[in-house]
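Trainee: What follows is a structure written as structure tokens; I'll ask about it next.
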Amino acid sequence: MNQVSRPTDIPWERLGGLVGFICVVAFVFWQSAQWTWKQELERLEQQTQNELQLHMTALRGKLEKHEYLAQLLTTKEDLSLYLRPDTSSDDLQQLNLTLDSYRVISGVSDIYLMDADGWTVSASNWWRPDSFIGQNFSFRPYFQMAMAGEKGRFFGLGTTSGARGYYFSYPVYIADQVVGTLVVKIEIHAIEEPWRDPRGELLVTDADGVVFISSRPEWRLSTLTALSETELDAISDSLRYAGRVLRPLPITERQQLTPQAQRLTIRMRNEQTQEYLMLSQSMPEADWDVHMIKNLDQVRVQAIQVSLLAAAGVILLGLIWLYFHQRRRGQAEKVAWQAEAHRALQQAHDELESRVAARTADLSASNQRLLQEIQQHEQTESALRKTQRELIQTAKLAVLGQLSASINHELNQPLAALRSYAENARTFIARNKPETADSNLEQILQLTERMAEISAQLKMFSRKSGEQLVPVSVQAAAEYAMRLYAGPLAQQNVRVLLDFPEEEVFVLADMVRLEQVLVNLLSNALHALKSTPQPCLRIHAYYEHQPEKDWVVIQVWDTGPGIPSHQLDEIFDPFFTSKEPGQGLGLGLSISSRIATELNGELRAANHSGFILDAKMTPPGAVFSLYLPASYPDKCESGPSYE
Ligand code: ADP
């Protein structure tokens, strides 16, 4: 039995599969995101590292170029001359111009000369209102370093300009004694300018982590980490940043990826956070750390794209698997369905076969029974036929019995005459009267012919009928019957009217059977006329044309007592007779009616009120009408053939 799933059933199996598939997709998404993130991060790190190297090389080149400028100027010009107390203002002015021309040529910000106490005696910016001339920068480390006979380097905010600057100093000697310092200052924004790189941010921090150079202005003079109060005080004391407040960069999250690389989350001005990869490298000659910062948005987008692609791939694979799975399942179901259908068909076929077999058995039994019944019917029919034939024969014998008296009379009369003519002939021969004897012999001959004729008629009466229906002359049949009853008719003084058409009338029948019917009808008529004062007989034949068939009606009219109306149907029943016992069997009309039917016709009985005979109306009586199909042998190629 097939299990029918109810609508309330939860398909746990499918639900589990779906949840599992979603987990796999999520896992693949997550894993590919992680992998891509890692890969992209490494790639970005590598790329950033390369860029950072490039930037550092460029920065180094710029710093070194200007470092040599200070040394070069001290060796090229005898600057000690301008540091003497007796140096005229014109000479200093001359030096101012010279320094300014060097400044212009080298592209630096300022070049100025300081005496041993840190006072600026000459400067390239002599013409500006905020000129360095007359200002003391002895607090600057670069001054102190140069006075110590070393190359000095320093970066910080300018005390007068407030601009970020990088300072290179070189000592000015008189003999071995340092008498002053030449300072070359470059402005940081001149270095920053070419750093503007849309692909990332560049930061330079000092040893305290203060962002000194940055391509992003708002980050300048911030600290990479939050500094302690002591550290901040120390920076403030150094006047490097001219007392500016140093705030830490708004880094909300920090993750050290490698010794050089960090992942930072920085809150931006618009309060949104931004993720960055920061690569750092120290630049010891400047006491700096250089940092390259890259936005991680692209990496994230890439990771999401790849993981989405991977998840889509998995979903696609899942769908393909589902498609093939469903297809295989569909095919399996189809095969199962076909098998089921085949099984159902086979079962139906078997059932049908068994039903057919049962029905066939029933039919065979019925058939057998029918065959038996048919056999029985055939036996009955043959018995009936036999009985019928016997009855017909009996009827014939009955008619023969009736005829026997008249035949007896017919034959006795000629026999007596024969004897008489024979005796006479012998007498006349004895008397030698041969002519008279011959006349008697002639009479004897005629009588024997007459007797032979009667005998022949009896022979005809006993012959058997043929099966085939042929055109039969009505007049011939009637004449035969009349000849058969010629004796009784004459004996009973019956007046006979033969009422036939002028031309011979033919019916499609069998001669013997037609004669038999007419003989029966005549026999009955003669019997009916026995007690009649005016016995009349009429045999009438005529055509009756009907739409479907042409009939010939042969009627036998008598002037007997007629048939009581209530007996008009009964008289055709077998063994119905009104005759005295021993005189009739009651079979004549029954057989005649049957013969009429066999000849495709009909026999009817009626009473009539008389017919015209010799211009007079006869008394009433009975009339029997035999309807038979008309035949027109003249119209056929082969004419009628009958005895
Ligand atoms: P049967 O002559 O042996 O009686 P039928 O079958 O020939 O048998 O006739 C049946 C009956 O029909 C007769 O007994 C008679 O009563 C009636 N019948 C037949 N022919 C005539 C007739 N021409 N006139 C009056 N009655 C007749």
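The values are calculated or read from the model by the stated rules, or taken from the named source; none is laboratory data. Keep in mind that what you see is a predicted model, and the values were worked out from it rather than measured. Methodologically, a virtual Cβ is constructed for each residue, glycine included, from the backbone with ideal geometry; neighbour enumeration extends over all protein chains shown. Accessible surface areas use protein heavy atoms only, side chains included; no ligands, DNA or RNA. Shrake-Rupley method; radii C 1.70, N 1.55, O 1.52, S 1.80 Å.
Trainee: Points 7 angstrom from Cα along the Cβ direction at Arg329 and Arg263: gap in nanometres?
Mentor: Calculated label separation equals 4.1 nm.
Trainee: Would you mind classifying region 550-637 by shape? Square roots of the alpha carbon gyration tensor eigenvalues, ordered a ≥ b ≥ c; an a/c under 1.5 is rounded, otherwise it is prolate if a/b is larger than b/c and oblate if not.
Mentor: Oblate shape, in that a/c is at least 1.5 and b/c is the bigger or equal ratio.
Trainee: Roughly how far apart, in whole Å, are the Cα centres of region 196-229 and region 466-518?
Mentor: 157 Å
Trainee: Please report the equivalent ellipsoid semi-axes of region 502-609, computed as sqrt(5 x eigenvalue) of the Cα gyration tensor, largest first, in whole Å.
Mentor: 24, 17, 13
Trainee: Just name one of Val121, Leu97, Leu44: the one whose Cα is farthest towards the positive end of the charge dipole of region 5-123 (beta-carbon charges, Lys/Arg +1, Asp/Glu -1).
Mentor: Ranked along the dipole, the leading option is Leu44.
Trainee: Mind giving me the FRET efficiency for Glu435 and Gln492? R0 is 35 Å, r the Cβ-Cβ distance, nearest 0.05 is fine.
Mentor: That gives a FRET efficiency of 0.35.
Trainee: Here is a further query. Using θ = phi - 60° and the Karplus curve 6.51 cos²θ - 1.76 cosθ + 1.60, what whole-Hz ³J(HN,Hα) does each residue of region 322-330 get, with Gly and Pro shown as x?
Mentor: So the Karplus estimates, Gly and Pro as x, are 4, 4, 5, 4, 5, 5, 4, 5, x Hz.
Trainee: Amide H neighbours of Ala509 under 5 Å, counting only residues 5+ apart in sequence or on other chains, H built in-plane at 1.01 Å?
Mentor: Amide H neighbours of Ala509: Val470, Val472.
Trainee: Give me log10 I(q)/I(0) at q = 0.13, 0.16, 0.20 Å⁻¹ for region 85-182, Debye formula, one equal scatterer per alpha-carbon, no solvent.
Mentor: Once normalised to I(0) and log-transformed, intensities are -0.42, -0.65, -1.03.
Trainee: Follow-up question, since we're still on this one. Cα axis of helix 588-598 to longest principal axis of the chain: angle in degrees, 0 to 90, nearest 10?
Mentor: Between helix and principal axis, roughly 40 degrees.
Trainee: Sticking with this one: Under a 1.4 angstrom probe, counting protein chains only, how are Asp634, Asp297 ranked by accessible area, largest first?
Mentor: Asp634, Asp297
Trainee: List the longest stretch of the chain that has no exposed loop site; here a site is one of the chymotrypsin sites (Phe, Trp or Tyr not before Pro) assigned by DSSP to anything other than H, G, I, E or B, with at most 12 other Cβ within 10 Å.
Mentor: Working: sites that count: Trp127, Phe139, Phe575.
Longest gap between qualifying sites, sites excluded: 140-574.
Trainee: Related question: Enumerate the calculated ³J(HN,Hα) couplings along region 515-530 in order (Karplus 6.51 cos²θ - 1.76 cosθ + 1.60, θ = phi - 60°), each rounded to whole Hz, writing x wherever the residue is Gly or Pro.
Mentor: Coupling constants for region 515-530: 4, 4, 4, 4, 4, 4, 4, 5, 4, 5, 4, 4, 5, 5, 7, 4 Hz.
Trainee: Follow-up. Set the Förster distance to 35 Å, then compute FRET efficiency between Leu81 and Glu193 from the Cβ-Cβ distance, nearest 0.05.
Mentor: Computed FRET efficiency for Leu81 and Glu193 comes out at 0.45.
Trainee: Now, a different point. Relative contact order (percent) for region 237-287, with alpha-carbon contacts under 8 angstrom and 6 or more residues of separation?
Mentor: Computed over region 237-287, the figure is 24 percent.
Trainee: I've got another one for you. Multiply the residue gap between Glu602 and Gln583 by 0.36 nm, knock off their C-alpha separation, and tell me the result in nm, one decimal place.
Mentor: 4.2 nm
Trainee: Further, regarding this structure: In whole Å, how far is the Cα centre of region 108-172 from that of region 9-59?
Mentor: 54 Å
Trainee: For region 244-297, max minus min Cα coordinate along each principal axis, in Å, sorted largest first?
Mentor: Computed over region 244-297, the largest-to-smallest principal extents equal 37, 32, 14 Å.
Trainee: Contact order normalised by length for the chain, with contacts defined as Cα pairs under 8 Å and 6 or more residues apart; what percent is it?
Mentor: About 8 percent, as a whole number.
Trainee: Can you list the residues, at least 5 places off or on another chain, whose amide H is less than 5 Å from the amide H of Gln135, using H built in the peptide plane?
Mentor: For Gln135, the qualifying residues are Thr120.
Trainee: Tell me the label-point distance for the pair Glu229, Gln305, using the 7 Å Cα-to-Cβ offset, in nm and rounded to one decimal.
Mentor: Spacing of the two 7 Å Cα→Cβ label points: 5.2 nm.
Trainee: OK, next. Heavy atoms only, probe 1.4 angstrom, no DNA, RNA or ligands counted: give me Lys151, Lys530, Lys386, Lys294 ranked by accessible area, highest first.
Mentor: Lys530, Lys386, Lys151, Lys294
Trainee: If you line up the long axis of helix 434-462 against the longest principal axis of the chain, both from Cα atoms, how many degrees apart are they, to the nearest 10?
Mentor: 30 degrees
Trainee: How far is it, in nm, from the label point at Glu423 to the one at Glu544 when both lie 7 Å from their Cα along the line to the Cβ?
Mentor: It is 5.6 nm.
Trainee: Compare the Cα positions of Ser625, Tyr173, Ala190 along the charge dipole of the chain (+1 at Cβ of Lys, Arg; -1 at Cβ of Asp, Glu; about the Cα centre) and return the one farthest towards the positive end.
Mentor: The residue sitting farthest along the positive end of the dipole is Ser625.
Trainee: What does the charge count around Ser138 come to, taking other residues whose C-beta lies under 13 Å from its C-beta (Lys +1, Arg +1, Asp -1, Glu -1)?
Mentor: Details: positive: Arg140; negative: Asp115, Asp117.
Result for the local shell: -1.
Trainee: Per 20 Å bin from zero, what fraction in whole % of the C-alpha pairs of the chain is there, up to the bin with the longest pair?
Mentor: Pairs per bin, as whole percents: 12, 20, 10, 6, 6, 6, 7, 10, 12, 8, 3, 1, 0.
Trainee: Put Glu275, Glu515 in order of accessible area, largest first, 1.4 Å probe: what do you get? Don't jump to the answer; show the numbers that get you there.
Mentor: Numbers: Glu275 35, Glu515 5 Å².
Ranking Glu275, Glu515 by accessible area, largest first, yields Glu275, Glu515.
Trainee: Same structure again: Can you compute the charge dipole magnitude of region 112-254 about its Cα centre, using +1 on each Lys and Arg Cβ and -1 on each Asp and Glu Cβ, nothing else charged? Give it in debye, rounded to the nearest 20.
Mentor: 360 debye
Trainee: Between Ala26 and Val245, what length in nm is gained on full extension when 0.36 nm per residue of separation is reduced by their alpha carbon distance?
Mentor: Gain on stretching Ala26 to Val245: 74.0 nm.
Trainee: Amide H to amide H, which residues 5 or more places from Leu257 or on other chains are under 5 Å from it, using H placed in the peptide plane?
Mentor: Distant-sequence amide H within range of Leu257: Gln262, Arg263.
Trainee: According to the square roots a ≥ b ≥ c of the eigenvalues of the Cα gyration tensor, what is the shape class of region 149-235, taking rounded for a/c under 1.5, prolate for a/b larger than b/c otherwise, and oblate for the remainder?
Mentor: Oblate, since a/c reaches 1.5 and b/c is not below a/b.
Trainee: If I stretch the segment between Lys616 and Ser382 completely, what's the gain in nm (0.36 nm per residue apart, minus their alpha carbon distance), one decimal?
Mentor: Numbers: separation 234, 0.36 × 234 = 84.24 nm, distance 5.13 nm.
Length difference between fully extended and current span is 79.1 nm.
Trainee: Among the listed pairs Lys62/Lys151; Lys549/Lys616; Lys530/Lys616; Lys65/Lys151; Lys386/Lys549; Lys65/Lys294, give every one whose C-alpha distance is greater than 25 Å.
Mentor: Lys549/Lys616; Lys386/Lys549; Lys65/Lys294
Trainee: For region 162-259, which trypsin sites (Lys or Arg not before Pro) are in a loop by DSSP, counting at most 15 other Cβ atoms within 10 Å?
Mentor: Those that pass, being in a loop and sparsely packed, are Arg196, Arg199, Arg244.
Trainee: Using a Förster distance of 41 Å, how high is the FRET efficiency between Ala341 and Trp321, based on the Cβ-Cβ distance and rounded to 0.05? Provide the component values of the computation, followed by the final result.
Mentor: On the way: r = 29 Å, r/R0 = 0.71.
For Ala341 and Trp321, the calculated efficiency is 0.90.
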